[in-house]
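K.L.:
This is the structure I want to talk about, given as structure tokens.
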């Protein structure tokens with residue numbers, strides 16, 4: 001893991017710019033947050049394919065649906081709370097039900113939004129989005145993965161929700177790392193435990209893994225970037241091979257990554273899962289790192305599981 | 001298909017109304033009132049105005065229609081069936097578990113349906129998307145979007161109306177089915193959307209006001225709309241809910257109710273006597 005840090009929203013903006021060059025059908029819609037979601041980079045380069053829909057998320061999603069019926073590939077962006085929350089019905093009825101090729105790239109997910117506080121900290125989006133039929137749900141963990149995902153989802157025909165974040169986090173992967181939608185990335189071979197992590201929490205899990213290693217405890221980290229369809233195989237494999245199962249996410253513990261893993265385990269290989277997440281409460285203002293510690297979604301909580 | 005003339009359209013509108021009544025009667029479920037109020041408008045669109053091909057429902061250059069008030073699917077399905085997108089016999093399977101004719105329009109299951117609708121207030125946004133795509137691709141197709149006068153109480157309609165204006169969508173024609181009734185009562189009683197004309201005018205639309213059950217006026221309105229440049233058009237069509245069936249006209253109770261056998265026979269008899 002390098003010391004260089006970058007927020008996945010930044011990676012998203014750069015990836016869109018590249019994608020715009022390679023695919024003329026890609027259009028981008030934003031809701032007056034282009035400078036925050038980083039779609040402004042695309043807007044500057046491809047003004048004819050960029051649509052600022054104003055502070056009107058429901059209409060942005062519906063417009064994207066109409067564009068998708070005409071073979072455009074819309075990437076829509078706003079903060080996660082306004083996408084998955086405010087425009088839920090439009091995502092459900094105008095995009096997922098007709099299975100339209102719209103990508104919802106929602107930035108500022110989770111409590112790591114920080115200072116803006118609870119109204120802007122979306123901790124229910126994984127839950128809301130993964131219950132929608134036809135939807136693919138992705139929560140990338142670093143710059144390299146985000147860039148790969150943004151390009152890759154243009155090749156999937158159908159709705160995709162990508163959960164991006166504001167907090168700058170470590171770059172985890174080498175630039176030549178390969179990924180596959182629906183296939184988690186296993187980091188390490190340890191058998192003392194598995195930490196399933198997603199998004200900003202993957203770097204936390206890796207930090208815990210390094211500290212535990214010094215203490216003679218060898219765990220593996222599984223980066224679940226695709227929450228739906230989830231990698232069932234790796235979950236069962238790790239349940240069989242490792243002594244302890246932990247999940248960690250910047251999301252409500254109800255309905256998120258931990259829930260998705262539990263569903264697989266109860267179906268295929270009943271095992272105890274120790275879930276780390278937001279304990280069914282709203283967030284609050286503060287610095288992202290302070291909030292991660294406050295809500296216990298950082299490496300320290302993982303370490304506590306080995307006390 | 002040759003465009004139907006005025007008299008042929010009037011005859012076709014009777015067929016479409018019979019189709020609506022049959023559709024709802026056989027299902028014993030559905031929304032006859034609003035379907036009957038838009039029957040004349042849809043008849044003109046599907047049998048004269050719109051450039052479409054039943055043999056190639058997804059033809060890229062076709063005109064498109066978004067029935068945002070999706071519960072009036074019986075009117076749309078009746079038009080699509082008589083226009084040859086699928087067999088007229090299929091109308092009798094509406095809302096049946098084995099049928100492709102869903103309660104609300106489904107673009108993936110039903111040939112000729114351009115957009116899936118049903119949750120009110122969403123159709124103008126998707127119509128905007130289609131119109132924007134048409135402009136981007138320099139295609140000359142037109143996009144029609146039918147809204148209810150109650151439906152425009154939804155806030156998303158006004159978000160979308162702002163966008164129709166921003167992108168100067170003169171290839172977009174919105175039609176308001178102003179039958180003045182919604183489920184809980186009259187528009188004024190429930191949540192007045194009036195004055196509809198002033199609202200849409202202030203949002204940048206060209207306004208055309210017509211009797212939406214008069215074939216001549218409907219034909220003329222679409223001609224005028226086609227020549228409006230640089231801004232979207234909104235046709236405010238004053239209609240009668242339940243139009244054509246005496247006991248359903250202006251009766252809010254027929255918003256979402258199916259006729260029984262006796263009522264069905266009476267309705268068919270009334271429509272046939274109009275020929």
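K.L.:
Picking from B:170, B:114, B:184, which is most flexible by a Gaussian network model of chain B using Cα springs under 10 Å?
P.N.:
B:184
K.L.:
Here's something else I'd like to know. Sort out for me the Cα centre separation of region B:141-190 from region A:221-268, rounded to whole Å.
P.N.:
45
K.L.:
Starting from the eigenvalues of the Cα gyration tensor, five times each then square-rooted, give me the equivalent ellipsoid semi-axes of region A:220-269, largest first, whole Å.
P.N.:
The answer is 16, 12, 11 Å, longest axis first.
K.L.:
Just order B:193-200, B:8-15, A:151-158 by mean Cβ neighbour count inside 10 Å, highest at the front, would you?
P.N.:
Values: B:193-200: 16.9, B:8-15: 18.5, A:151-158: 15.1.
Those peptides, ordered most packed to least, come out B:8-15, B:193-200, A:151-158.
K.L.:
Taking R0 as 45 Å, what FRET efficiency do you get between residue B:99 and residue B:209 from their Cβ-Cβ distance, rounded to the nearest 0.05?
P.N.:
Computed FRET efficiency for residue B:99 and residue B:209 comes out at 0.75.
K.L.:
Another question, then. Which residue, B:162, B:115, B:136, tops the fluctuation ranking in a GNM of chain B built on C-alpha contacts under 10 Å?
P.N.:
Highest fluctuation of the listed residues: B:136.
K.L.:
Based solely on its DSSP helices, what 222 nm [θ] is calculated for chain A when runs of n ≥ 4 H residues each add -39,500 (n - 2.57) and the sum is averaged over all residues, nearest 500 deg cm²/dmol?
P.N.:
-9500 deg cm²/dmol
K.L.:
To two decimal places, what compactness ratio does region A:112-212 give when its Cα radius of gyration is scaled by 2.2 N^0.38 Å?
P.N.:
The reported ratio for this selection is 1.16.
K.L.:
If you don't mind, there's one more thing I want to ask. Over chain A, what number does the Rg to Rh ratio reach, with both radii from the alpha-carbon atoms and Rh per Kirkwood? Intermediate results must be reported in sequence, preceding the final value.
P.N.:
Working: Rg = 18.4 Å, Rh = 19.1 Å.
Result: Rg/Rh = 0.96.
K.L.:
Order the peptides A:224-230, B:260-266, B:80-86 from the highest to the lowest mean number of other Cβ atoms within 10 Å of their residues.
P.N.:
Output ranking for A:224-230, B:260-266, B:80-86: A:224-230, B:80-86, B:260-266.
K.L.:
Could you work out how far the C-alpha centroid of region A:121-165 sits from that of region A:82-117, in angstrom?
P.N.:
So the separation of the two Cα centres works out to 10 Å.
K.L.:
I need the P(r) histogram for region A:185-304: all alpha carbon pairs, bin width 5 Å from 0 out to the longest distance, whole percents.
P.N.:
2, 12, 24, 25, 20, 11, 5, 1, 0
K.L.:
Please compute the length gained on full extension between residue A:211 and residue A:183, using 0.36 nm multiplied by the number of residues separating them and subtracting their Cα-Cα distance.
P.N.:
7.4 nm
K.L.:
With axes computed from alpha carbons, what is the tilt in degrees of helix A:8-22 against the longest principal axis of chain A, rounded to the nearest 10 within 0 to 90?
P.N.:
50
K.L.:
May I pose another question? Report, in whole Å, the centroid distance computed from the Cα atoms of region B:224-275 and region B:62-88.
P.N.:
So the two Cα centres are separated by 15 Å.
K.L.:
Over the whole of A:52-60, what's the average partner chain Cβ count within 10 Å per residue? Rounded to a whole number, please.
P.N.:
Going residue by residue through A:52-60 and averaging, the value is 6.
K.L.:
Just to confirm the number: angle between the C-alpha axis of helix A:143-152 and the first principal axis of chain A, 0 to 90 degrees, nearest 10?
P.N.:
Between the helix axis and the principal axis of chain A, the angle is about 50 degrees.
K.L.:
When averaged across all projection directions, what area in nm² does the alpha-carbon convex hull of region B:6-273 cover?
P.N.:
12.7
K.L.:
Same structure, new question: Would you compute, from DSSP H runs of 4+ residues alone, the mean residue ellipticity of chain B at 222 nm, taking -39500 (n - 2.57) per run and dividing by the full residue count, rounded to the nearest 500?
P.N.:
When only DSSP H runs of four or more count, the value is -11500 deg cm²/dmol.
K.L.:
Label point 7 Å out from residue B:229 along Cα-to-Cβ: which residues of region B:161-175 have amide N under 17 Å?
P.N.:
B:168-172, by backbone N distance to the label point.
K.L.:
Build a GNM of chain A with springs between Cα atoms under 10 Å: which of A:110, A:66, A:13 gets the top mean-square fluctuation?
P.N.:
A:66
K.L.:
Using only Cα positions of the protein assembly as shown, each an equal point scatterer, no hydration layer, compute I(q)/I(0) via Debye at q = 0.08, 0.10, 0.12 Å⁻¹ and quote the log10 values to two decimals.
P.N.:
Log-scaled intensity ratios, in q order: -0.60, -0.84, -1.06.
K.L.:
Per-residue Cβ counts within 10 Å, from other chains only, averaged over B:156-166: what number is that?
P.N.:
Average neighbour count from other chains, rounded to a whole number: 5.
K.L.:
Averaged across B:129-141, how many Cβ atoms of other chains sit within 10 Å of each residue's Cβ atom?
P.N.:
On the way: counts 20, 8, 4, 8, 11, 1, 0, 8, 3, 0, 1, 0, 1.
Average per residue, whole number: 5.
K.L.:
Also, quick follow-up: Using only Cα atoms, tell me the angle between helix A:201-214 and the longest principal axis of chain A; keep it within 0 to 90° and round to the nearest 10.
P.N.:
That works out to roughly 20 degrees.
Rule-based calculations on the coordinates, nothing more; no lab input. Source: prediction; values computed, not measured. Backbone-built Cβ (ideal geometry, glycine too); neighbour counts: all protein chains shown.
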